[in-house]
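To start, the structure itself, in structure tokens.
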Amino acid sequence: MKHLLTASLLCFACLQGFAEDGSRLWLRADATAKAVVTANKKSTTISIAVEELQTQWRGAAVSLKIKNIKADKEEFSITGDERGITITSPSEKGLLYGAYHLLRLQATNGLKYPLNIQESPKYNLRILNHWDNLDGTVERGYAGRSIWRWDELPAVVSPRYKEYARANASIGINATVLNNVNASPQILQSDMLAKAKVVADVLRPYGIQVFLSVNFSSPTVLGGLPTSDPLDAAVQRWWKDKANEIYKLIPDFGGFLVKANSEGQPGPQDFGRTHAEGANMLADALKPHKGIVMWRAFVYSPSNDDRAKQAYMEFMPLDGLFRDNVVIQVKNGPIDFQPREPFSPLFGAMHKTDVMAEVQITQEYLGHANHLAFLAPMWKEFLDSDTYGNGSGSPVANTITAMAGVANIGDETNWNGHHFAQANWYAFGRLAWNPQLSADAIADEWLRQTFSQKDAFVEPVKAMMLQSWDAVVNYMMPLGLHHIFAVGHHYGPEPWGVIPGGRPDWQPWYFHNADAAGVGFNRTKTGSDAINQYHSPLKERLYDIETCPEELLLWFHHADWNHKMHSGRSLWAELCYKYDLGVQQAREFQKVWDRQEGALDTERFHAVQSRLKIQSRDAVWWRDACLLYFQEFAKQPIPYDIERPVHDLSDLKQIKLKISNHENAKR
Ligand code: GCW
């Protein structure tokens, strides 16, 4: 009987033409419904909403209504019951979001009649940043090559573009930057723009606006001008002409994303100008077309005593000097997408400038596509952090105007490498729409749509997802440790690492400062005093080693190995327990998953199972490497009730991973 059932299920899958390879993401409802759907307006976008509902909605007739038309208002309402449902919005996009919302409720058992739903996005700009190079490689990408096939465009239009647009629209993402912030000037060549136009045309009906990353030296490299000085009239003219050319092809083009004077990229400082002067020059070129500039604050220099302080130091004096179509894009933490960081002090600090958040969906520092790390809890911790920017009650979420996520998308069949990495793409979209959603609710929605409605599956697997970020932090960098990664690929541990001749702030020791007395980065007044960049009363709490949150202790303090933790253990013992806990958590994930055999298709079951094995092995590697290394300074035994290391430090020091796709050997 069981076999028959499996055979018929398999057959159903073949009839549908689907392999269980993850390619359908969370959009797996079969398209055999025959719903009655009407609309009071016709357009390509509305036809998409109509068709999605017609083929997937299994309830009463739906009527789509544009009311008080306003194209940039994305809100919608859904009302009605078993006799009929109405989705209303001022815009076509809003209707499309309403349609996906209704289908999501159906797919997650969330329909409760009568429906009385009002939704409106918290941020108007919910944007993916692709770090995709024009040659098809992806910086920090772990899911194959770029989905943008520049060599085939504009003639060949990959069917993936439309699937990509649909997936994004279904979770409310409304914009995308097609190319890497380490931008090739070539992206602005006319032939490349003709290709970008074709992509923009495919994405537009799904409400997705296209942006490009630009290289600040483009006027020199492409235009042959002797300078790219932002105050030079010919340079300004060049950018204006370029903007005009782009808007002729892509009338709703969003604007530019810029990484300037950072990690070797050119910028206004090369000409003695400020970030504001550089950003404003581009903003002026885009302004007549309603375009914006997203100017990144990811800057640091080798001469600064603390890399964590620099963005604030460079940008705060410029507050109020930026044009109103400039937004400063700030990474969630002050260093660089570490497993756990405090929020960057720039949030809640710039009161006269728009600030947007950049989070990293791709798992550069969280186990690439091998480790299961559900990032919604991390992003929630960040968004909910009180900046005290306007007195208490100023969480990061209320200080920003937009959210960007560095994409984890590649051309692999399942888009993201790890099947569970899809959940991070999904969570980014949902949180950028509504940062108040809980990580639990997001995981629940995603699991029900992606795998199964059965509680016996959803509950334990959800619990695993919700613990997974904590587990990664524990086995990689607990208690506020940061940036002790192997040089270059950022995958394995290398707290001992040395980049010969490399800048100090690329060396792991710079970050952990382990010595005979203790470990951690002293950011108090006796150290770099980075804490001073935060508002009161948060900074007083951080200064005091007793009130500093323990999960960030070594971020802010160089603490004594015998410092007494809240648990009553010494710092050294606590560090050992945390590393070991991470290993135990990873092993528990394997058990949770193995119990689900039979509850889902074998393809995805096995794919996840094999990656969880890697994760457990890596967790042991991390624990052993870090504890054995730090033990050389702490000179204390690993508490006897926890597992003994199974490696020798000297062997671990020999490991040199060759990870392709990491052309970039930066820290
Ligand atoms: O996280 C670091 C990465 C670089 C990246 C840089 C940035 C795109 O290691 O690969 O470059 O940050 O955000 O600009």
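Structure values in brief
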| read-out | value |
| --- | --- |
| One residue from GLY255, GLY291 being within 30 Å of GLU341 (Cα to Cα), at pLDDT 95 or above and crowded, with 19+ Cβ neighbours inside 10 Å | GLY255 |
| Filter result (touching a Ser or Thr at 6+ places or on another chain (Cβ under 7 Å) and surrounded by fewer than 19 Cβ atoms within 10 Å (Cβ to Cβ)) within region 298-317 | ASP305 |
| Candidates GLN310, GLN338, filtered to the one that is closer than 25 Å to VAL583 by Cα and within 16 Å of the ligand (Cβ to nearest atom) | GLN338 |
| Single match in GLY333, GLY278 (criterion: more than 27 Å from LEU481 (Cα to Cα) and not acidic (Asp, Glu)) | GLY278 |
| PHE511 surrounded by fewer than 23 Cβ atoms within 10 Å (Cβ to Cβ) and assigned to a helix (DSSP H, G or I) | no |
| Tally, over region 166-180, of residues that are part of a loop (DSSP other than H, G, I, E, B), under 25 Å from ASP135 (Cα atoms) and of a type outside the set (S, T, N, Q) | 1 |
| Residues (within 14 Å of the ligand (Cβ to nearest atom) and either in a helix (DSSP H, G or I) or on the phi > 0 side of the Ramachandran plot (or both)) located in region 268-307 | ARG307 |
| Which numbered condition SER77 fails, given (1) modelled with pLDDT of 95 or more; (2) in a helix (DSSP H, G or I) | (2) |
| Residue check for PHE420: buried (at least 24 other Cβ atoms within 10 Å of the Cβ) and of a type in the set (Phe, Trp, Tyr) | yes |
| Unique match (being modelled with pLDDT of 95 or more, surrounded by fewer than 17 Cβ atoms within 10 Å (Cβ to Cβ) and under 29 Å from the mean Cα position of the chain (by Cα)) among ARG644, ARG617 | ARG617 |
| Filter pass, ALA311 being touching a residue at least 24 places away in the same chain (Cβ under 8 Å), of a type in the set (A, V, I, L, M, F, W, C), closer than 23 Å to LYS539 by Cα and part of a helix (DSSP H, G or I) | yes |
| Members of region 459-482 found to be surrounded by fewer than 23 Cβ atoms within 10 Å (Cβ to Cβ), over 16 Å from GLY582 (Cβ atoms) and touching a helix residue (DSSP H, G or I) at 6+ places or on another chain (Cβ under 7 Å), listed by number | PRO460, LYS462 |
| Test for HIS371: is it away from the ligand (no atom under 14 Å from the Cβ), within 25 Å of TRP621 (Cβ to Cβ) and either in a loop (DSSP other than H, G, I, E, B) or within 19 Å of the chain's Cα centre (by Cα) (or both) | yes |
| Residues of region 448-489 that turn out to be within 21 Å of the chain's Cα centre (by Cα) and of a type in the set (Lys, Arg), as a count | 1 |
| Contacts under 9 angstrom Cβ, first residue in region 255-275 being over 14 Å from MET294 (Cβ atoms), partner within 14 Å of the ligand (Cβ to nearest atom) and among the basic types (Lys, Arg), 6 or more apart | GLU263/LYS666; GLY264/LYS666; GLN265/LYS259; GLY267/LYS259 |
| Meets criteria (buried (at least 23 other Cβ atoms within 10 Å of the Cβ) and either of a type in the set (S, T, N, Q) or over 32 Å from the mean Cα position of the chain (by Cα) (or both)) for TRP572 | yes |
| Cβ-Cβ under 9 Å pairs, at least 6 apart or on other chains, region 108-135 side within 16 Å of the ligand (Cβ to nearest atom), far side modelled with pLDDT under 95 | ASN133/GLU663 |
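The values are calculated or read from the model by the stated rules, or taken from the named source; none is laboratory data. What you see is a predicted model, and the numbers here were worked out from it, not measured in a lab. Note that each Cβ is placed from the backbone with ideal geometry, even for glycine, and that neighbours are counted across all protein chains shown.
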